[in-house]
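Okay, structure first, notes after.
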Amino acid sequence: MRFRFTILLLSSSVTVYAQEQKAKDFRVLDSVTISTYLYQNIIKPLPAVQGGFIFSGKKTEVIDLAQIPADIANKTGRQVFAKVPGLFVYDMDGPGNQINIAARGLDPHRGWEFNIRKDGILTNSDMYGYPASHYSMPLESIGRIELVRGTGSLQYGAQFGGMLNYITKPGDTTRPFSFETINTIGSYNLLSTYNAIGGKSGRLTYYAYVYSKSRNGYRDNEHTQSEAQDVILTYDASPRFSIRAEWARSKYLYRIPGPLTDSMFYADPTQATRSRNYFSPDIHIPSITLHWQVAAQTRLQLTTSAVLGRRNSVMFDKPTNVRDTINLTTKEYNNRQVDIDRFHSYTAELRLLQDYPIGNNAGTLAAGIQYMNNDLHRTQLGKGTTGFDYDLSLVTPGWGRDMYFKTKNIALFAENRFQLSSYLSLTAGARVEAGRTDMSGTITYYPENDIPLVIKHQFPLLGASFSYKPDNGPELYGGIAQAYHPMVFKDLIPGSLYEKVDPGIKDARGYNAELGLRGSWKFLRWDITGFLLQYKNRFGTLAETDNAGNFYTWRTNIGNSLSAGAEILVQADWLLANKTGLSLFTSTAISDTRYHHAIVKSGNTNINIEGNKVESAPGLTSRSGASMRYGKFSFSVLYSYTGKTYADALNTVQPLKTTGAVGLVPSYGLVDVNAIFRFSRNMEVRLNVSNVFDKQYFTKRPSFYPGPGVWPSDGRNGSLTFALRL
């Protein structure tokens, strides 16, 4: 007797035979076909426990970069994070030097509301002084991206946004040597090349890459030259103990075209107001990680790492209405301003993951200690050259600001998952922070004895979450966790003699709360979440007068904000015919982020902004797409919509004509298309066209770097990528 089954999976068919012989009598039965649904580029949650972390009951997403239809070379955020609902992408520069994202009404500047990691290693430049991540890895090197919302913050850091963890591709452990090359050409003279080697020899596994990219900009005078290198060595001393050492570096030089006014933007968004402005971070991240499986149920991990390097800029740093032209007195251009930040951030983390029985069920404890020692040396207002090139030299020795921002902080954290039944688990935890920041230095325009400032960070953070998941049913999850955001350097440095810092200024703090339902049914997958995010003690300025009636600006906590909304991801997949699959999805977030009990300075008066919307917090973000796959070919189209936002807390609608620094940021919708042809598992070609209909738009009116005003985002552009793995 012979049975034949045909199983269709992932647009391919596999024939399985079961054979039984009895008295040499064979009978062939009709084929039995079992069809499954072709899931394309699905976003999955993280496991309940992974590494030294507990993710049970939390809003998590994992993005597989090998599968997504996205412009990887230019790090086009709306494509990379297309299926992460509610993620606001700030398109600050088309070349993709940085990924600027935020969620739930937070500030997207360089993702500084996130705890940003690479393979679990912190990359934020200085968590207390300048928490942006200036380290910019090539996405060609990344295998997947893990995103955890703020309710997981007790274990990794107390950031409101959550954790963003970029996981590097693993080296090929099946052979001693492998090679990968990914090369891209595209619009604006884009040329990038990524070359990596990896393998395993005995107990040693290695992976290393070099990367280089050059690209002109959509706008005049815009250009990027970037490079990155990385070496990862892992030695398995025994089946229970391994050592991982890594050195990673990124550097780029960005020629900045300058901000525009609204009238300039609508006349010609490609024009530039600057030709002599440059920005260049050069960041090194060394790390050593020890993994020790102490016992079957006990794991220890010790990580020591550093963020070392500089953030350099030389700019004619004036408002848009001040033109960068020849000075009629000197017959030369005016001197540029030189600013240099020097980062020396050191972190050590010891993590314990302990499994233990609770009756017939199990419990898991994740606990540890984190120590940070950060030294940020900021030199600003240096008098630079009158030239055109990237030149950090000073024509007059000394700095207008020469400041040190030193922080020592220790955090103890513990989170315990109680598996109460096969369906239900509860997780509770706490994090205790204790530290001190010392700000010192000199500002030429400010009294020397007014500068020293000591800030203490001392508070507990609590949180809890749950997960209820019946067999083969959807998962109901939710939780709440406290978070905080320290006062960063820019919030504490007085801008002029008439500005003072409140000695009683406090760190911002609040909480994340969420309740969600995720699961699948036949051809459908979904993850729907409601959330609340409270942000107390927001930083800002007030107008004050002293006893003599003299006016001054008071930098202090101005009030609170509350963000509420829903994040919806729904995906449907069908197997239409042999080797043909269709996928449709929508990733949509509706939110309302407003100020409460808040006051800000306007001119020489203070204005109550109760009920006003928070800056750069759209009420609606939606990305919807379709993908068709036939055999080795796939084609995708993505539509991204972002609602209108405001540039200031006063919710000014009419743009400021002179500079464009405030005013409404209009809503916009964009269409992107992507095609992939995989010749084999080792060779593929990708074609990407972004902003197909050449929409003229901008996403934000920044109030500081890279300059207040309108910053146009890229018009239509394309790229062609060839990848080969040997």
Q: Can you give me the number of residues within region 682-722 that are touching a residue at least 40 places away in the same chain (Cβ under 8 Å), over 30 Å from K657 (Cα atoms) and out of contact with any Leu (no Cβ under 9 Å at 6 or more places or on another chain)?
A: 1
Q.
With the requirement that a residue be surrounded by fewer than 17 Cβ atoms within 10 Å (Cβ to Cβ), touching a residue at least 60 places away in the same chain (Cβ under 8 Å) and not in a strand (DSSP E or B), what does region 434-490 give you?
A. T444, K490
Q.
basic (K, R), buried (at least 16 other Cβ atoms within 10 Å of the Cβ), free of Cβ contacts under 8 Å to residues at least 60 places away in the same chain and touching a strand residue (DSSP E or B) at 6+ places or on another chain (Cβ under 6 Å): which single residue out of K200, K169 fits that description?
A. K169
Q.
Is it the case, given these coordinates, that F679 is aromatic (F, W, Y), out of contact with any Cys (no Cβ under 7 Å at 6 or more places or on another chain) and in a loop (DSSP other than H, G, I, E, B)?
A. no
Q | Lone qualifier among N512, N557, N547 - being more than 25 Å from the chain's Cα centre (by Cα), touching a residue at least 40 places away in the same chain (Cβ under 8 Å) and farther than 30 Å from S636 by Cα | A | N557
(Q) Of everything in region 685-710, what is over 20 Å from S622 (Cα atoms), crowded, with 18+ Cβ neighbours inside 10 Å and either among the aliphatic types (A, V, I, L, M) or at pLDDT 95 or above (or both)? Give them in sequence order. (A) R686, N688, V710
(Q) Can you find, within region 491-504, the residue that is modelled with the lowest pLDDT among those that are assigned to a strand (DSSP E or B) and surrounded by fewer than 19 Cβ atoms within 10 Å (Cβ to Cβ)? (A) E499
Q. How about region 83-120: which of its residues are charged (D, E, K, R), assigned to a loop (DSSP other than H, G, I, E, B) and either modelled with pLDDT of 90 or more or under 18 Å from F531 (Cβ atoms) (or both)?
A. K83, R104, D107, E113, D119
(Q) Going through R538, R525 one at a time, which residue ends up being at pLDDT 85 or above, among the basic types (K, R) and within 30 Å of Y130 (Cβ to Cβ)? (A) R538
Q) Can you tell which of A306, A296, A366, A267 is surrounded by fewer than 17 Cβ atoms within 10 Å (Cβ to Cβ) and within 29 Å of L412 (Cβ to Cβ)? A) A296
(Q) Which of the numbered conditions does L290 fail, given that it passes all the others? Conditions: (1) modelled with pLDDT under 95; (2) at negative phi. (A) (1)
Q. So A564 clears everything in (1) in a strand (DSSP E or B); (2) at pLDDT below 90; (3) of a type in the set (A, V, I, L, M, F, W, C) except one condition, right? Which one?
A. (2)
Q) Considering region 711-726 alone, what residues qualify as being outside any strand (DSSP E or B), surrounded by 21 or more Cβ atoms within 10 Å (Cβ to Cβ) and not small (G, A, S)? A) W711, D714
Q | region 40-60, residues that are over 23 Å from S634 (Cα atoms), touching a Lys or Arg at 6+ places or on another chain (Cβ under 9 Å) and either free of Cβ contacts under 8 Å to residues at least 12 places away in the same chain or not basic (K, R) (or both) | A | P45, L46, A48, V49, G51, G52, F53, I54, S56, G57, T60
Q: Evaluate the following for D672: is it part of a loop (DSSP other than H, G, I, E, B), charged (D, E, K, R) and buried (at least 16 other Cβ atoms within 10 Å of the Cβ)?
A: no
Q: Return the only residue of Y206, Y194 being surrounded by fewer than 22 Cβ atoms within 10 Å (Cβ to Cβ), modelled with pLDDT of 95 or more and closer than 30 Å to T303 by Cβ.
A: Y206
Q: Would you check which residues across region 682-708 are touching a helix residue (DSSP H, G or I) at 6+ places or on another chain (Cβ under 9 Å), farther than 13 Å from D91 by Cβ and assigned to a loop (DSSP other than H, G, I, E, B) and list them?
A: F704, Y705
Q.
If I filter region 647-662 down to residues being of a type outside the set (A, V, I, L, M, F, W, C) and surrounded by fewer than 21 Cβ atoms within 10 Å (Cβ to Cβ), which single residue comes out as nearest to T273 (Cα to Cα)?
A. T658
Q: Restricting attention to strands (runs of 3 or more DSSP E) lying wholly within region 329-425, give those where 3 or more residues are aromatic (F, W, Y) and over 30 Å from P257 (Cα atoms).
A: 401-419
Q | Selection status of Y211, of a type in the set (F, W, Y), in a strand (DSSP E or B), within 27 Å of the chain's Cα centre (by Cα) and closer than 27 Å to R299 by Cβ | A | no
Q. Just one of D471, D507 is farther than 30 Å from Q380 by Cβ, modelled with pLDDT of 85 or more and outside the structural domain of G129 (by TED's automatic domain parsing); which is it?
A. D471
Q: List every residue pair whose Cβ atoms sit under 7 Å apart, with the two residues 6 or more apart in sequence or on different chains, where the first one lies in region 526-541 and is part of a strand (DSSP E or B) and the second, anywhere, is aromatic (F, W, Y).
A: L533/F160; Q534/Y511; Y535/F160; T541/W554
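The values are calculated or read from the model by the stated rules, or taken from the named source; none is laboratory data. Computed from a prediction, not measured in an experiment: that's the story for all the values here. Please note: Cβ atoms are built from the backbone with ideal geometry, for glycine as well, and neighbour counts cover all protein chains shown.
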